[in-house]
Amino acid sequence: MPRTGNPDYVVDADRGSGSTAAKRARLVDADAYSDRVGTREGLRQLDAMTEQMPGLNRLQRDRERIMPRGTTADLGHPRMERKLPGAADVRQPLSARQRNARSKARLETARAIPLAQLRAQRDLVTRPDRWQATNDALSEQTGDVQALPAADQVRIRRIDRAIQAYERRNDRGHVLYANVQMPFYINDGNLHGFMTNNFEPGRRISFDRYTVATHQLHETAGQVHDPRGRVVTFEMQTRRGAYLGHSDKVDSTAHLLPRGMEFEVAGVHQASYRTPEGRTKTRLVVQLRDVTPGS
Amino acid sequence: MSPKTDAQKAAERAEREDMYFVNPEIFAMGMPLPRRTDGSDYAAPDEQPEPR
């Protein structure tokens, strides 16, 4: 039986102040971690009460909600729900057809939404200061947007609505990749053991922050310089978020996941992936399934 | 509110159709950026290129 993580500490993959290239995991005191889990549950209960409140239309409910609701369109076909690959499967670059379809939906969404939403979303992922301040504030408040200053709330709700606008146009599932940097004392010698001990199958993890991911393991793996070997890649199955990548002309498949997401660990293994040049490489991945309530 | 001029409409359309990239500066916030050497091969940011 594998040794479980330290009973005094929990590894919170989303607590450190990271970048779009990598989240930064932080060790959190076990009691403080439990408090944060309880706080999130309370916030979700408040959202459930908002949904039950009579006399509000959907727009008003969205304004009162703390976590953004999932607004995904129905699947176009059962095969369009992408499943997590098996441990022995080689991850391939996204096909040109997939990239073109997603890029088209991105453009259609950008043409349709209010400019204020488009600008808020663009500022988040193109301004380093905005990315850091927004996500640090959300993490500090355990995802409670209503605890933030009014101007920040307005901006965050605009970003949420921009993501939701894409979700409404998207009839596909996603398998996404995001790097997570483990604490400083982890290196390539103990990374695998550390991950299997602390991310056992069935464990639930929460992202209070927004997450930038990509649809291609080779693209995410190339975004970090990791000489110590302390970066793993989360491989996430979800229907949420907005594509911010390009068509097949550019090797860019960025995807912005909303805040307030919850995932369940499905497994940890060394995964092989193929680059566009045809080389095969490996990367330690933690597989996650989206279990966000209301997604 | 006065109607938008053609120039304003064109500027708005251009803004909506701008397929911007996630800023590489943000990539560099977490750690130094790797240097692309060939295709999708990357080297350490401080690594000297091999003499040809």
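The values are calculated or read from the model by the stated rules, or taken from the named source; none is laboratory data. The model shown is predicted, which means the values in this text are computed figures rather than measured ones. Using ideal geometry, Cβ is built from the backbone for each residue, glycine included, and neighbour counts are taken over all protein chains shown.
On the given criteria, is residue A:39 closer than 27 Å to residue A:166 by Cα and of a type in the set (Ser, Thr, Tyr)? Don't jump to the end; show me each part of the working.
Details: closer than 27 Å to residue A:166 by Cα: no; of a type in the set (Ser, Thr, Tyr): yes.
Spelling it out, it is not the case that residue A:39 is closer than 27 Å to residue A:166 by Cα and of a type in the set (Ser, Thr, Tyr).
Looking at residue A:143, is it over 19 Å from the mean Cα position of the chain (by Cα) and away from chain B (no Cβ under 14 Å)? Give the derivation first.
Details: over 19 Å from the mean Cα position of the chain (by Cα): no; away from chain B (no Cβ under 14 Å): yes.
Taking the combined requirement at face value, the residue does not satisfy it.
Has region A:17-35 got any residue that is in a helix (DSSP H, G or I) and touching a residue at least 40 places away in the same chain (Cβ under 8 Å)?
Residues of region A:17-35 in a helix (DSSP H, G or I): A:30-35.
From the residues that got through so far, the ones that are touching a residue at least 40 places away in the same chain (Cβ under 8 Å) too are none.
Checked region A:17-35: no residue is in a helix (DSSP H, G or I) and touching a residue at least 40 places away in the same chain (Cβ under 8 Å).
A quick yes/no check of all residues on (1) surrounded by 19 or more Cβ atoms within 10 Å (Cβ to Cβ); (2) modelled with pLDDT of 95 or more:
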position: A:248; (1), (2): no, no
position: A:260; (1), (2): yes, yes
position: A:265; (1), (2): yes, yes
position: A:270; (1), (2): no, yes
position: A:287; (1), (2): yes, yes
position: A:290; (1), (2): yes, yes
position: A:293; (1), (2): no, no
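Considering only residues of region A:143-189 that are small (Gly, Ala, Ser) and buried (at least 17 other Cβ atoms within 10 Å of the Cβ), which is nearest to residue A:108 (Cα to Cα)? Even if it seems obvious, please write down each step before you answer.
Taking region A:143-189 first, the residues small (Gly, Ala, Ser) are A:143, A:147, A:150-151, A:162, A:165, A:173, A:178, A:189.
Applying the additional criterion that residues be buried (at least 17 other Cβ atoms within 10 Å of the Cβ) yields A:143, A:162, A:165, A:173, A:178.
Details: A:143: 29, A:162: 12, A:165: 10, A:173: 18, A:178: 25 Å.
Going through the qualifying residues, I end up with A:165.
Where residues in region A:9-35 are hydroxyl-bearing (Ser, Thr, Tyr) and surrounded by 19 or more Cβ atoms within 10 Å (Cβ to Cβ), which of them is nearest to residue A:129 (Cα to Cα)?
Taking region A:9-35 first, the residues hydroxyl-bearing (Ser, Thr, Tyr) are A:9, A:17, A:19-20, A:33-34.
Next, from what is left, pick out any that are surrounded by 19 or more Cβ atoms within 10 Å (Cβ to Cβ): A:19-20.
Details: A:19: 10, A:20: 12 Å.
This residue is A:19.
Need the failing condition index for residue A:103 against (1) more than 14 Å from chain B (Cβ to nearest Cβ); (2) of a type in the set (Ser, Thr, Tyr); (3) over 30 Å from residue A:8 (Cα atoms); (4) touching a residue at least 60 places away in the same chain (Cβ under 8 Å), just the number.
The failed condition is (1).
Can you tell which of A:172, A:155 is touching a helix residue (DSSP H, G or I) at 6+ places or on another chain (Cβ under 6 Å) and under 21 Å from residue A:91 (Cα atoms)? Show your work before the answer.
Numbers: A:155 fails: under 21 Å from residue A:91 (Cα atoms).
A:172 is the lone residue from the list that is touching a helix residue (DSSP H, G or I) at 6+ places or on another chain (Cβ under 6 Å) and under 21 Å from residue A:91 (Cα atoms).
Go through region A:204-226 and report how many residues are touching an Asp or Glu at 6+ places or on another chain (Cβ under 8 Å) and small (Gly, Ala, Ser).
Total satisfying the criteria: 1.
Grab the strands (runs of 3 or more DSSP E) fully contained in region A:190-295, keeping just those with 1 or more residues being within 24 Å of residue B:23 (Cα to Cα) and away from every other protein chain (no Cβ under 14 Å).
Working: elements: A:204-207, A:211-214, A:231-238, A:254-257, A:261-274, A:280-290.
Here the list reads A:204-207, A:231-238, A:261-274.
Out of (1) in a helix (DSSP H, G or I); (2) modelled with pLDDT of 95 or more; (3) within 24 Å of residue A:18 (Cβ to Cβ); (4) not β-branched (Val, Ile, Thr), what's the single condition that is false for residue A:110?
(3)
Just checking, how many residues over region A:179-221 are free of Cβ contacts under 8 Å to residues at least 24 places away in the same chain and polar (S, T, N, Q)?
The number of residues fulfilling the criteria is 1.
Among the residues in region A:75-86, are any in a loop (DSSP other than H, G, I, E, B), at pLDDT 95 or above and in contact with an Asp or Glu (Cβ under 8 Å, 6 or more places away or on another chain)?
Pass one, region A:75-86, residues in a loop (DSSP other than H, G, I, E, B): A:75-77, A:81-86.
Add one more test, that the residue is at pLDDT 95 or above, and what stays is A:84-86.
From the residues that got through so far, the ones that are in contact with an Asp or Glu (Cβ under 8 Å, 6 or more places away or on another chain) too are A:84-85.
Checking region A:75-86: at least one residue is in a loop (DSSP other than H, G, I, E, B), at pLDDT 95 or above and in contact with an Asp or Glu (Cβ under 8 Å, 6 or more places away or on another chain).
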